[in-house]
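Heads up: the structure comes next, in structure tokens.
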Amino acid sequence: MARDGSGGRFEVPCHDEESGWFDASSSCYWRLLEPPPAGDDPVWAGHAPGDGAVYNGQCPGQPLMGGLRWFQNPPPGYGSGPNLEALAEEAVTKMRLLGADIGIAPRQGGTGTVGVPVWVWNAPSPRTTGPTSASATALGVTVTATATVQDVVWNFGNGTALSCPFPGTPYSPAAGLTPPSRANGQCGITGYSRPGDYLVTATTTWAVHWAGGGQQGDLTTTRSSQAPVTIAELQVVGR
């Protein structure tokens with residue numbers, strides 16, 4: 001219920017797509033201002049951006065009462081609608097994040113040799129390494145999420161696992177039989193000790209930061225991908 005300039009009462013909806021959420025105590029609608037004003041804008045009333053938020057007010061029947069205003073907490077009645085974390089999850093779904101785009105030496109479909117180093121890497125792209133962003137909106141509130149790969153755990157199928165918080169470096173013939181070095185941004189192992197068929201599994205952990213509706217937060221999600229590798233013993237042919 002809102003009041004007009006003469007003190008009369010009239011009904012208004014609790015939420016309006018254009019105006020935002022209604023606050024009965026002020027008889028105004030408040031909508032979060034996105035993007036927020038510059039940090040030196042007087043509307044922040046001496047507060048730093050991120051300390052509270054700025055809202056735009058529209059007051060039915062009292063047009064002079066609205067305008068931009070800083071609030072430490074959302075105005076009464078605001079945010080009683082969408083679940084912001086659920087919107088963040090929806091934004092993550094829109095990104096269509098993937099597991100590692102696996103590169104491996106010996107190459108997939110080829111055959112490696114016992115004791116020879118195995119190199120692995122994750123080919124960079126927005127959906128395999130990030131960063132990538134997406135937004136989701138409900139009831140006039142928009143949440144934007146940005147995802148970046150935090151870590152990839154490589155399991156080589158022989159009981160050995162390796163964590164690489166970086167994409168890794170593609171193998172180059174110039175490396176010869178040099179084992180990959182994490183200190184140089186390379187991922188892999190010194191080699192398999194037995195011949196056989198192995199399945200390399202890469203489990204990617206994505207770190208996601210979201211913001212919207214005057215709030216922000218973090219979440220993680222994982223994706224996996226696999227690649228087969230065949231290892232054979234070195235055959236020595238005598239003369």
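The values are calculated or read from the model by the stated rules, or taken from the named source; none is laboratory data. Predicted, not measured: the structure shown is a model, and the values here were computed from it. Counting neighbours? That spans all protein chains shown, and the Cβs are built from the backbone with ideal geometry, glycine included.
Odds and ends about this structure:
- Any hit, region 151-167, residues being in contact (Cβ under 8 Å) with a residue 60 or more places away in the chain, within 30 Å of G213 (Cβ to Cβ) and not in a helix (DSSP H, G or I): no
- For region 207-239, the candidate set comprises residues that are of a type in the set (D, E, K, R) and modelled with pLDDT under 95; within that set, the residue that is farthest from A100 (Cα to Cα) is R239.
- Of the strands (runs of 3 or more DSSP E) entirely within region 40-145, those holding at least 3 residues that are hydrophobic (A, V, I, L, M, F, W, C), under 30 Å from L234 (Cβ atoms) and in the same structural domain as G212 (by TED's automatic domain parsing) occupy 102-105, 118-122.
- Selection within region 114-143 - modelled with pLDDT of 95 or more and hydroxyl-bearing (S, T, Y): S125, T128, T129, T132, S133, S135
- T204 being β-branched (V, I, T) and farther than 13 Å from A100 by Cβ: no
- Against the test of being of a type in the set (D, E, K, R) and more than 15 Å from the chain's Cα centre (by Cα), the options R127, R182 yield a single qualifying residue, R182.
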